[in-house]
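The values are calculated or read from the model by the stated rules, or taken from the named source; none is laboratory data. Just so you know, these numbers come straight off a predicted model, no measurement behind them. Here Cβ is always computed from backbone atoms with ideal geometry, including for glycine, and neighbour counts include all displayed protein chains. Just so you know, the surface numbers come from the protein's heavy atoms only, side chains and all, with ligands and any DNA or RNA stripped out. Shrake-Rupley method; radii C 1.70, N 1.55, O 1.52, S 1.80 Å.
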Amino acid sequence: MRTGTTGIFPAFYVVKVSKDINNAPKEGWLEQFMVRFLGSVQVPIFKGNDVLCAAMHKVACNRRQAGQPASACVLEVSVKGVKIIVQDQCQSAHRGDQCFNFFQLKNISFCGCHPKHNRYFGFITKHPDQHRFACHVLMSDTTLYPLAECVGRAFKQYYKQNIGYSCPTEDIFIE
């Protein structure tokens, strides 16, 4: 555009930009979802729908066997990470707003809705210091696809802000 010449331009060096500026996520955005926290379970590997589904099944069965209702919680998603604020535990622990778990996006390796039951959502995290992984399972009365899409937007923005410039793909050579 600067020189007025035409030709071929490699797609690796461009990013699709939304025409609607209002739909693009703002830098300090935060979205909240009212969900129920079912629990967490250790998983053997860091990704895969099979791993996610097995963990969801195990957590749901454990919850049913214990006869405990799912804990109401607020899930906050931002470019910094995912925060689970479990309201039931906070009230019983008398700790106010100190009762939450925060997972940085860099430690989340996989997430998604259950393929057959989209009211269930899970995400797999890596322990920050050890080679261990856990799956955290949430549910809702309605579909959790909007939550999955929100986490996807957070990952895209996180990648653009942190990884895309610090580890450019044009410097990677595969032989």
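Some notes on this structure:
- Contact map, segment 137-163: residues that are modelled with pLDDT under 90 paired with residues that are part of a helix (DSSP H, G or I) and open to solvent by less than 20 Å² (accessible area, probe 1.4 Å), Cβ distance under 6 Å, separation 6+ or inter-chain. Pairs shown: Tyr158/Leu105.
- Selection status of Leu138, buried (at least 16 other Cβ atoms within 10 Å of the Cβ) and in a strand (DSSP E or B): yes
- Applying the criterion of at least 2 residues that are at pLDDT below 60 and open to solvent by 80 Å² or more (accessible area, probe 1.4 Å) to the strands (runs of 3 or more DSSP E) found wholly in segment 1-99 leaves an empty list.
- Filtered residues of segment 141-156 (kept if over 17 Å from Ser40 (Cβ atoms) and open to solvent by less than 20 Å² (accessible area, probe 1.4 Å)): Cys150, Ala154
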